[in-house]
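Asks: Following this message is one structure expressed as structure tokens.
Readers should treat all values here as calculations from the given coordinates under stated rules, not as data from a laboratory. Computed from a predicted model, the values in this text were never measured in an experiment. Cβ atoms come from the backbone with ideal geometry, glycine included; neighbour counts cover every protein chain shown.
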Amino acid sequence: MRQNYSWRQRAFTLVELMIALIVIGALAAIAIPSYQQYIEDTKNKQAIKDIAELSMAIERFHTENATFPGNLAALGANLPGNDPWGNAYQYLGIDVSPPPGNGDVRRDKNMNPLNSDYDLYSMGPDGDTAKQLTAAKGRDDIVRAGNGGFIGIALEH
């Protein structure tokens, strides 16, 4: 009889196990969304850094050639080609000859062009975009605006 009693002292009861699972579940419910937000913030920061790096390469190209490149491939190697979500960075030379059509230029909420030299952006996590930043598809894009004065999430512009 004494051995049976000592066995009961060392084992977990069903209630104790359920309490432990509830605590673990509550911690996971808090931690997982925080971790996902951290990952998304890290990808946004990486895209902002990449766009800044590409902007410097474009400006260097403009200084050396007195014109903006026709596409990002003209900048050469060792530059980011895809954003953190696996989509290619988008580029449109505006101050080039011949200039692009007026409908190709990205616009802010007041329908003013974002840039007068060139547009450079990432289509963001959804991989989709719109010409106007206030459109649902364009809000999560990482954009260069104000001729490089702003690089960040379109929703914050």
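Asks: Could you grab the relative contact order for the chain? Cα pairs under 8 Å, six or more apart, rounded to a whole percent.
Replies: 17
Asks: Here's another thing I want to ask about it. Short version: ³J(HN,Hα) in whole Hz for each residue of the stretch 131-147, in order, from phi by Karplus 6.51 cos²θ - 1.76 cosθ + 1.60 (θ = phi - 60°), x for Gly and Pro, what are they?
Replies: Residue by residue, the stretch 131-147 yields 5, 9, 5, 7, 5, 4, 6, x, 5, 9, 5, 9, 10, 9, 9, x, 6 Hz.
Asks: Right, next: For His157, what residues show an amide H to amide H distance below 5 Å, using hydrogens built from the backbone and excluding near sequence neighbours?
Replies: none
Asks: To continue, here is another question. By how many nm would the segment from Gln37 to Asn65 grow when fully extended, if each residue of separation counts as 0.36 nm and the alpha-carbon distance is taken off?
Replies: Length gained between Gln37 and Asn65: 5.9 nm.
Asks: Would you please classify the overall shape of the stretch 54-135 from the alpha carbon gyration tensor, given that a ≥ b ≥ c denote the square roots of the eigenvalues, rounded means a/c under 1.5, and beyond that prolate means a/b larger than b/c while oblate covers the rest?
Replies: In terms of gyration-tensor shape, oblate.
Asks: Determine, for Leu54, Leu92, Leu17, Leu114, the number of other Cβ atoms within 10 Å of each Cβ, and report the residues in order from fewest to most.
Replies: Leu17, Leu92, Leu54, Leu114
Asks: Through the Karplus equation 6.51 cos²θ - 1.76 cosθ + 1.60, θ set to phi - 60°, convert the phi angles of the stretch 24-40 into ³J(HN,Hα) values in whole Hz; use x for Gly and Pro.
Replies: 4, x, 5, 5, 5, 5, 7, 6, 4, x, 5, 5, 4, 5, 4, 4, 5
Asks: Residue by residue through the stretch 71-76, which ³J(HN,Hα) values in whole Hz follow from phi under the Karplus form 6.51 cos²θ - 1.76 cosθ + 1.60 (θ = phi - 60°), with glycine and proline marked x?
Replies: 7, 5, 5, 5, 7, x
Asks: Kindly list the residues of the stretch 35-62 that lie in the label zone of Asn78, defined by a backbone N under 20 Å from the point 7 Å along the Cα-to-C-beta vector.
Replies: Residues passing the 20 Å test: 49-62.
Asks: Give the value in nm², to one decimal: projected area of the alpha carbon convex hull of the stretch 88-133, averaged over all directions.
Replies: 3.3
Asks: Here's something else I'd like to know. Would you pull out the residues with amide H under 5 Å of Arg107's amide H, same chain only if 5 or more places away, H placed 1.01 Å from N?
Replies: Close amide H contacts, sequence-distant or interchain: Leu114, Gln132, Leu133.
Asks: With springs only between Cα atoms under 10 Å, which of Ala136, Ala28, Ala88 fluctuates most in a Gaussian network model of the chain?
Replies: Top of the fluctuation ranking is Ala28.
Asks: Any chance you could list P(r) for the chain, counting all Cα-Cα pairs in 10 angstrom bins from zero, rounded to whole %?
Replies: Cα pair-distance distribution for the chain, in percent: 10, 31, 24, 9, 7, 7, 6, 4, 2, 0.
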